[in-house]
1. Among the candidates ALA52, ALA111, ALA89, which residue alone is assigned by TED's automatic domain parsing to the domain that holds LYS203 and at pLDDT 95 or above?
2. Look through the range 233-268, keep the residues that are without any contact (Cβ under 8 Å) to a residue 40 or more places away in the chain and among the β-branched types (Val, Ile, Thr), and return whichever of them is farthest from the ligand (Cβ to nearest atom).
3. Across the range 259-274, what is the number of residues that are among the aliphatic types (A, V, I, L, M) and in contact with an Asp or Glu (Cβ under 9 Å, 6 or more places away or on another chain)?
4. THR170 - would you say it is outside the structural domain of ILE84 (by TED's automatic domain parsing), of a type in the set (S, T, N, Q), surrounded by 19 or more Cβ atoms within 10 Å (Cβ to Cβ) and more than 29 Å from SER57 (Cα to Cα)?
5. Exactly one of these conditions fails for VAL75: (1) of a type outside the set (S, T, N, Q); (2) more than 25 Å from SER278 (Cβ to Cβ); (3) buried (at least 16 other Cβ atoms within 10 Å of the Cβ). Give me its number.
6. Just a yes or no: is a residue in the range 9-30 touching a Leu at 6+ places or on another chain (Cβ under 9 Å) and part of a strand (DSSP E or B)?
7. Which residues, taken from the range 181-210, are within 15 Å of SER248 (Cα to Cα) and either free of Cβ contacts under 8 Å to residues at least 12 places away in the same chain or not in a loop (DSSP other than H, G, I, E, B) (or both)?
8. Quick test of your reading of the structure: GLU279 fulfils all but one of (1) over 17 Å from the mean Cα position of the chain (by Cα); (2) in a helix (DSSP H, G or I). Name the failing condition by number.
Amino acid sequence: MKKILVATEKPFAKAAVEGIKKIVEGAGFEMALLENYTQKTEFTAAAADADAIIIRSDIVDADVLEAALKLKIVVRAGAGYDNIDLAAATAKKVVAMNTPGQNSNAVAELAVGMMVYAARNNFNGSSGTELKGKKLGLHAFGYVGKAVATIARGFGMDVYAFDPFVDKKTIEAEGIHCVETVEELYKTCQYVSLHMPATAQTKKSINFNLLSLMPKGATLVNTARKEVIDEEGLLQMYAERADFKYVSDVEPDCKGLIAEKFSGRFYFTPKKMGAQTSEANNNAGLAAARQIVDFFTKNDSTFQVNK
Ligand code: 3PG
């Protein structure tokens with residue numbers, strides 16, 4: 001019998017785990033659960049006899065792939081798959097997939113929620129500002145960017161987007177201004193929300209040159225990855241622009257310095273929680289389980305990311 005391991009250092013909601021189990025067992029497979037683990041060795045031990053693994057931000061590196069002797073497929077229940085060593089997976093003939101779009105609404109709601117929090121001075125009781133009428137720049141326009149646009153337009157924001165991989169017509173069809181250069185996005189928008197994956201090209205790409213183009217009252221919202229930020233540039237922006245605020249889902253490495261010097265101008269979640277809702281857990285977890293069942297029973301490799 002095939003064993004499907006759900007390995008989540010940050011567990012899914014209980015209902016999502018039950019839903020995954022139902023799908024897996026309904027297909028005649030067995031589910032194993034490893035939650036809240038603290039050591040990589042716990043993961044490698046659990047992976048040893050797994051035919052498939054469902055993960056969230058859990059690291060699947062060459063060691064895990066080496067230990068997982070029977071592994072055929074790993075599915076990242078979520079969007080970003082920078083936590084999987086794709087080259088090592090391909091070398092071991094392991095299929096890697098994600099579940100695009102399944103948790104995007106949760107991330108989008110958090111992004112807009114953090115914008116409100118920043119605009120209202122971290123709910124400290126002082127007079128803040130409103131989002132209505134402000135310009136919002138979406139840096140990358142995938143599922144999350146699109147969902148943020150829908151919510152932000154409900155707030156009466158004027159939405160702009162830059163994405164070199166999405167054509168102008170697709171962006172404009174959503175009633176969003178499409179800008180041709182990344183510089184134009186930052187120059188135009190008081191709020192910029194990041195929605196790109198962490199890749200060799202995007203890592204450290206949000207730097208002082210870009211941020212310093214932002215108009216007065218600049219707020220940067222990061223529900224993407226901390227790695228896309230050039231933290232030296234971020235600190236310089238804080239130091240040179242007293243109007244600048246940064247809100248991010250997960251703490252930057254320089255959090256201590258920011259907290260010490262720039263109090264009231266930041267908010268960082270203690271743990272990545274953009275996709276941490278029962279709905280997103282259900283959507284992404286169940287999609288991952290279905291993709292695994294379809295892979296084994298129908299040879300379906302839609303959503304494979306290491307082709
Ligand atoms: C994603 O890439 O899907 C999000 O960052 C969510 O990550 P998580 O599953 O670890 O919450």
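The values are calculated or read from the model by the stated rules, or taken from the named source; none is laboratory data. Because the structure is predicted, anything quoted here is derived from the model rather than measured. Virtual Cβ from ideal backbone geometry, glycine too; neighbours counted across all protein chains shown.
1. Details: ALA52 fails: assigned by TED's automatic domain parsing to the domain that holds LYS203; ALA89 fails: assigned by TED's automatic domain parsing to the domain that holds LYS203.
Matching residue, one of ALA52, ALA111, ALA89: ALA111.
2. Ranking the candidates gives ILE258 first.
3. Quick first cut of the range 259-274, residues among the aliphatic types (A, V, I, L, M) only: 259, 273.
Of the ones still in play, those that are also in contact with an Asp or Glu (Cβ under 9 Å, 6 or more places away or on another chain) are 273.
The total comes to 1.
4. Details: outside the structural domain of ILE84 (by TED's automatic domain parsing): yes; of a type in the set (S, T, N, Q): yes; surrounded by 19 or more Cβ atoms within 10 Å (Cβ to Cβ): no; more than 29 Å from SER57 (Cα to Cα): yes.
Answer is no for this residue.
5. The single condition VAL75 does not satisfy is (2).
6. No, the range 9-30 has no match at all.
7. TYR191, VAL192, SER193, LEU194, ILE206
8. Every condition holds for GLU279 apart from (1).
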